[in-house]
Amino acid sequence: MSHQLNLTLKVWRQKNAGTPGKFVEYPAQNIPTDCSFLEMLDIVNESLVQQNIEPIAFDHDCREGICGMCSLVINGVAHGPERATTTCQLHMRHFKDGDTIYIEPWRVGAFPLIKDLIVDRNALERIQQAGGFISARAGGAPDANSVPIPKQNADAAMDAAACIGCGACAAACPNSSAMLFVAAKVSHLALLPQGQPERTRRALKMVKTMDSEGFGNCTNYYECEAVCPAEIKSSFISMLNREYVFAAARDSVSMI
Amino acid sequence: MKAIISFYQSSIGKKWIVALTGLVLVGFVTGHMIGNLQIFLGPEALNKYAAFLQGLGELLWVIRGVMLACLGIHIITTVLLWIQNNAATPQKYAVNNPQAATIAAKTMIVSGLIVASFVVFHLLHFTTLSLHPEWKLWEDPEGRHDVFSLVIVGFRDPYTTGFYLLGLFLLCLHLSHGIQSFIQTLGVRTRKIAEPISFASPYIAGLIFLGYASIPMASILHLINPLPH
Amino acid sequence: MATLDSKIPSGPLEKKWEKHKFDSKLVNPANRRKYTVIVVGSGLAGASAAASLGEMGYNVECFCYQDSPRRAHSIAAQGGINAAKNYPNDGDSVQRLFYDTIKGGDFRAREANVYRLAEVSNSIIDQCTAMGVPFAREYGGLLANRSFGGAQVSRTFYARGQTGQQLLLGAYSGLCNQIAAGTVKMHPRTEMLDLVVVDGHAKGIIVRDMVTGKIEAYAADTVLLATGGYGNVFYLSTNAKGCNVTATWRAHKKGAFFANPCYTQIHPTCIPVHGDFQSKLTLMSESLRNDGRVWVPKKKEDCGKPPGEIAEEDRDYYLERKYPSFGNLAPRDISSRAAKQVCDEGRGVGSTKLGVYLDFSAAIKRLGENVIRERYGNLFDMYHKITGEDAYKVPMRIFPAVHYTMGGLWVDYNLMSNLPGLHVLGEANFSDHGANRLGASALMQGLADGYFVMPYTIGNYLTTQTGKKVTTDHPEFAKALEEVKARTEQLLAIKGKRSVDSFHRELGLLLWEKCGMGRTEQSLKEALAKIPQIREEFWKNVNVLGESNDLNQSLEMAGRVADFLEFGELMCLDALERRESCGGHFREEYQFPDGEAKRDDENFAHVAAWEYVGDIAKSVRHIEPLNYENVHLAVRSYK
């Protein structure tokens, strides 16, 4: 049943990348346990507006755990304490009355801070643009059933394709590595017959872009897997490691 | 050559190098342990084994060279990765609350560097015998170098044994992450074996620790005794 | 009164699109890069259009308000996408998909458009598969289908419960390809605030960079709006928080007609509202109705009891009772209205009494918990996350919520609005769903418009524009820029006492009550009287903090809410003028004795397209008659 909580928030506030930020303490009072973490912030923001304090800026959109826009590191955990849950789907019933909650933005060098809790995740876009696609012109596709795909492969591709692109993997990684994100996309397309023609190129270019964007290197902490709201498995990183080496080999030793 | 350089420049390339050299070193550590455990078969077995290794001549130097090269590349590459990783996260979190990372994973660089210094000591202690040049002259009744006795005598010093145990502990801590880590990095940690491997990795490291630690422990507890010299 | 020329090609229905494609003007591949196309929105329609046009060689500028085009709200669609492939060999065809869609839309959609939609549906599946969308497959490796939302054939393709996500990521990956190739320039975190019209043609837009606050103008040869629906006018809806009517409303104020704004779809299976703080409603895929049984207690006094204590004979499985042949699978509008009726009778459940049970106990008994977990596990998990309840043990509580809007800017067969140069795609236009959309049809329409319609029809406009290039130096751009800047500054200058959200909530609640699932002449008149008052107070008493030249989420919301406050009035006006019940528009005065919607085909078989004339209350209602040459208008019965 719903009841109400009184909490203390320590929220990271920063006007922009050029201005130093700091934690600011706000009380969050009479928060119903049925509301989501972002609705809790809405309530706090409403009270800030009443006090003529500029509301806390945070990214959010769909509020149903799929768009990948919301972020927030809550008490040191990307997307908060619940597993397989985005911040927008985290509900306040998982907190206790009197708790102090630290709220920080994704802290990743490749994600420059924009304001308060909002960061710029365009680095992920550029990785995607480097090769996270199958070049297939509209109009030229063969019948969808012309290439049967074993169910097991289609299911595994779907497991990888479920990535919502939120960047929590990089945010949770002590090395700020985006390997889980890249692994998900590379594996998704490598597992499908349609992805084969660009397989080599894709792995090489996406990894190259990932490196040049300034993400760190994966040292197998598996923090990414633990916080991933889409439950992308770290075994896809292993798959990417394999894909990359085979791609590099194919690329340097052309048999044609 | 260009391909090799660009491979090494990539993050995954470097990780592969670390994993491959790590794999070689784990192989060495295991082989070395099995060889040394012959100490429990008595002086005959161990000294014969030592003489066999010495008898390899140039090949022994090749093996030693490869091992040292692997160690060197392993260390240099991990330090490079470590520098990059630090640079990738300019601002740290105020609150840290790891969800999955083990102590072993978080201390790889520290455990690794301490183990490296331990290896230097170990080489001076038992390979070059620089700390006890007189050991070079010890021979068993067969006229072979009496490695059996010098190992036991070497471990009778509690400080040396203590340092060895510490070194071994750190080595095995390093391996408990390292073993599953190279499987992951070399691209064979599929989802079916991911959990068993993560589960087994510390136990394998633990076995290696017990195997190695049994020798100084047996020595200091007088369970095995040197030949008279 | 202006006549609306829908430009529907002549000839038999099944030949119209073929004929139109042949008759359409082509732009020489070498000349395409000389044309700039603005695409606003990056959902299924926007992303697929931008990628396709970029691929063809046009110079595309694409805008979205999110930080990445991949976050557009198409991503949240769960259930699936329809196509007339007939892979299951159960008697499906283009003709049947066409008929089902027309009937589902309660005979208020254009025949030719719907037929085209059904025709290209198969190509969409081929295209998406080629782009790597991991649709569900059978063990033999061929694509799997399921039946969905009121259809009697299995024609829905799906990717677990995340079909929208996978289709959008497919379209997005194509967009990424074009961005990398340089044919598309992407502008994320950029919001369109006005349309620029030069000599009666849409020639550009005014946008605000949401990071720097800079207000800028972009000129183009044509503008495509793919900005989604207006469901957030109700404050609580299943739309994303950022979804808004601003782009289409601004275009409407610049001369584009708004068609059928009263057509809103209320989805029956959403998680009920549980408090004032609530910011959005969450949809549970209606596939749940395949195995769940909907019921409420027969007696009011049982409503407070735990569901397990209510005996079988005291439960009213009202959908099965009223619609024996479709039962729990009755279409969305009908199921929603039935839920409202039982709640109005005081038989609703849950703390707010606005909820009905969706009970899986019979299915669990029949099939076992594991089968149910396999089919709906992710939905049960989602329900658990939000409500904290375990639906394997207690029935889910569901209630209808605003989900989709069938109305939108009026477009002709080329998807061009009455304002030349302005094309409208996807949910933002009005064209294909009539008064009610069937499940798994929104994804189909968005991708049809973007992949297979727009690329063919854009030439019909562009070829008329040779040598008529407009740049942002034109005085109309400066004028629009100044207007937008002035409006932004005005919002910041009010410094009143109430938050933007509080106005949005007030408007939403009013519309839900007066222009929601059931509408009456009186309720609509009340809303029409009240909305201008809220609007007036908004412009006097809203408190927007922060600055204009900075990331300012309150300012963004304020602009959107200001537009909702205007749009809501037009919606009520349209609902008032449409004196019949059809699909998602239910006028309580017009119903059969058994409570079913009563259409008035004689007087209202038409599209109402509204023209803005400076005062919303005086908006002019234009009519496009709907001529049914191929289907017979019938009472839509699902009994």
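What follows draws every value from the coordinates through simple rules; no lab data is involved. Owing to the predicted nature of the structure, the values given are computational and were not obtained by experimental measurement. When we count neighbours, we look across all protein chains shown, and the Cβ atoms used for this are built from the backbone with ideal geometry, even at glycine.
Hey, got a sec? Which GluC sites (Glu not before Pro) in the stretch C:485-530 land in a DSSP loop and have at most 16 other Cβ atoms within 10 Å?
Details: sites: C:Glu489, C:Glu506, C:Glu513, C:Glu521, C:Glu526; in loops: none.
Nothing satisfies the criteria.
What does a probe at C:Lys365 reach in the stretch C:379-395, counting residues whose amide N is under 16 Å from the point 7 Å along Cα→Cβ? So the set is C:392-395.
Each residue in A:Asp61, B:Asp157 was given a count of other beta-carbon atoms within 10 angstrom of its own, and listing them fewest first yields B:Asp157, A:Asp61. Straight-line reach from A:Lys233: taking Cα to Cα under 20 Å and skipping same-chain neighbours fewer than 8 places apart, the aspartates and glutamates in range are A:Glu82, A:Asp155, A:Asp159, A:Glu223, A:Glu225, A:Glu243, B:Glu195, C:Glu374, C:Asp381. Applying a DSSP loop filter and a limit of 14 other Cβ atoms within 10 Å to the GluC sites (Glu not before Pro) in the stretch A:208-256 leaves A:Glu231.
At a Förster radius of 56 Å, what calculated FRET efficiency corresponds to the Cβ-Cβ distance of C:Glu526 and A:Ser212, to the nearest 0.05? Please list the in-between numbers first.
Details: r = 60 Å, r/R0 = 1.08.
The value I calculate is 0.40.
Computed over the Cα atoms of the stretch A:121-252, the ratio of the radius of gyration to the Kirkwood radius (Rg/Rh) comes to 0.97.
Over all directions, average the projected area of the Cα convex hull of the stretch C:475-625 and note it in nm².
10.9 nm²
The calculated P(r) of the stretch C:247-303, using every Cα pair and 5 Å bins from 0, goes 4, 12, 12, 12, 15, 17, 11, 7, 5, 4, 1 in percent.
Cα centroids of the stretch A:183-247 and the stretch B:4-75: 31 Å apart. Across peptide C:59-68, the average count of Cβ atoms from other chains found within 10 Å of a residue's Cβ is 3.
Over chain C, Cα pairs under 8 Å with separation of 6+ residues give a relative contact order of 20 percent. Considering chain B at the alpha-carbon level, its Rg and Dmax are found to be 20.0, 66 Å. Distances over 20 Å make up what percent of all Cα-Cα pairs in the stretch A:45-101? It works out to 35 percent of all Cα pairs.
If you take the Cα centroid of the stretch C:449-488 and the Cα centroid of the stretch A:94-132, the two points sit 35 Å apart.
Projected onto planes of every orientation and averaged, the convex hull of the alpha-carbon atoms in the stretch A:4-104 covers 6.4 nm². In chain C, the DSSP beta bridges split such that about 70 percent are antiparallel, to the nearest 5. The lysines within cross-link reach of C:Lys639, meaning a Cα-to-Cα straight distance under 25 Å and a gap of 8 or more places when in the same chain, are C:Lys103, C:Lys298, C:Lys299, C:Lys322, C:Lys340, C:Lys598. So which trypsin sites (Lys or Arg not before Pro) in the stretch A:83-122 pass both tests, a DSSP loop state and at most 12 other Cβ atoms within 10 Å of the Cβ? Within the stretch A:83-122, the qualifying trypsin sites (Lys or Arg not before Pro) (loop, at most 12 other Cβ atoms within 10 Å) are A:Lys96. Across the stretch C:220-266, Cα pairs under 8 Å and at least six residues apart give a relative contact order of 31 percent.
For C:Lys19, the aspartates and glutamates whose Cα comes closer than 20 Å to its Cα, not counting residues fewer than 8 places off in the same chain, are C:Asp5, C:Glu111, C:Glu119, C:Asp412, C:Asp432, C:Asp449, C:Glu629.
Which whole-number percent of Cα pairs in the stretch C:269-402 have a distance greater than 21 Å? Walk me through the numbers before you get to the answer.
On the way: 3274 of 8911 pairs.
Counting pairs separated by more than 21 Å, the tail of P(r) holds 37 percent.
Based on the Stokes-Einstein relation at 25 °C and a viscosity of 0.890 mPa s, and on the Kirkwood radius from alpha carbon pairs, chain C is assigned a translational diffusion coefficient of 99 µm²/s. The base-10 log of I(q)/I(0) for the stretch C:531-587, evaluated at q = 0.12, 0.17 Å⁻¹, reads -0.43, -0.67 [Debye formula, identical scatterers on Cα atoms, solvent excluded].
Extension gain, C:Thr471 to C:Glu537: 0.36 nm times the residue separation minus the Cα-Cα distance gives 19.9 nm.
Using just the Cα positions, wrap the protein assembly as shown in a convex hull and report its mean projected area in square nanometres, one decimal place. Can you show the working numbers first?
Values: hull surface 197.9 nm².
Its Cα hull, projected and averaged over all orientations, spans 49.5 nm².
Contact order normalised by length for chain A, with contacts defined as Cα pairs under 8 Å and 6 or more residues apart; what percent is it? Please list the in-between numbers first.
Working: 462 pairs, mean separation 48.0, N = 256.
Rounded, it is 19 percent for chain A.
Spatial offset of the stretch C:235-256 relative to the stretch B:177-213 amounts to 55 Å, using the alpha carbon center of each. Among the listed pairs A:Lys205/B:Lys14; C:Lys280/C:Lys393; A:Lys115/A:Lys208; A:Lys208/C:Lys185, a Cα-Cα separation exceeding 18 Å is found for C:Lys280/C:Lys393; A:Lys115/A:Lys208; A:Lys208/C:Lys185. Approximating the spin labels as points 7 Å out from Cα along Cα→Cβ, the A:Thr19-to-C:Glu313 distance works out to 7.1 nm. Beyond 17 Å, how much of the Cα-Cα pair distribution for the stretch A:204-256 remains, as a whole percent? Cα-Cα pairs in the stretch A:204-256 separated by more than 17 Å: 51 percent. Each peptide in A:180-186, C:303-309, C:174-180, C:498-504 gets a packing score, the mean of other Cβ atoms within 10 Å over its residues, and the list from highest to lowest is A:180-186, C:174-180, C:498-504, C:303-309. Look at the stretch A:29-36: the mean tally of other chain Cβ atoms within 10 Å of its residues' Cβ atoms is 4. In this structure, the amide hydrogen of C:Asp316, modeled 1.01 Å from its nitrogen in the peptide plane, lies closer than 5 angstrom to those of C:Val296, C:Lys298, counting only residues at least 5 positions away or on a different chain.
What's the average, rounded to a whole number, of partner chain beta-carbon atoms within 10 Å of each residue's beta-carbon in A:156-169?
4
Charge tally for A:Cys70 (other residues, Cβ to Cβ under 9 Å; Lys, Arg +1; Asp, Glu -1): -1.
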